[in-house]
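A short write-up of the structure that comes next.
The values are calculated or read from the model by the stated rules, or taken from the named source; none is laboratory data. These figures come from a predicted structure and were not determined experimentally. Neighbour counts are summed over all protein chains in view; Cβ atoms, including those assigned to glycine, are modelled from backbone coordinates with ideal geometry.
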Amino acid sequence: MNPRDRKAALRDYKDHSPARGAFALRNGVTGHVWVGASPNLDAARNGAFFMLRLGQHRDRTLQAEWHSHGEAAFVFEVLETLAADAAPFSAADELKRMKTHWAARLSAPALLP
């Protein structure tokens with residue numbers, strides 16, 4: 001990669017803001033759902049699956065189902081995203097609202113932050 005392309009790629013990476021919003025972890029075998037929200041949905045997916053693979057997820061019920069049914073049974077689904085132009089000072093409150101809303105709507109437990 002030449003220096004100009006490298007600088008452009010780095011600038012694009014720095015300018016990219018991660019998707020923020022609410023998500024669900026679904027077990028396709030049992031139908032159970034867990035709801036969470038994050039300022040970085042990609043990081044939330046990676047973090048949740050990493051902790052589940054290690055056997056150290058904070059939600060014991062989710063971890064038990066992971067052990068019983070395996071990774072292939074689980075799907076990470078984005079439920080709702082914040083607008084890219086949403087004010088940073090209100091984003092945390094909006095993420096909490098989304099998490100509560102979706103947990104109630106899906107009758108699902110909310111994941112701990």
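Going through the stretch 19-35 one residue at a time, which ones are among the charged types (D, E, K, R) and touching a residue at least 60 places away in the same chain (Cβ under 8 Å)?
Across the stretch 19-35, the qualifying residue is only 20.
Please find, among 53, 4, the residue that is in contact with an Asp or Glu (Cβ under 8 Å, 6 or more places away or on another chain) and over 21 Å from residue 102 (Cα atoms).
53
Helices (runs of 4 or more DSSP H) wholly in the stretch 3-112 with at least 3 residues that are modelled with pLDDT under 95 - which ones?
Because the criterion is at least 3 residues that are modelled with pLDDT under 95, the helices (runs of 4 or more DSSP H) in the stretch 3-112 that meet it are 3-15, 88-106.
Between residues in the stretch 1-17 that are closer than 21 Å to residue 39 by Cα and residues that are modelled with pLDDT under 75, which pairs lie under 8 Å by C-beta distance while being six or more apart or on different chains?
Note: no pairs meet the criteria.
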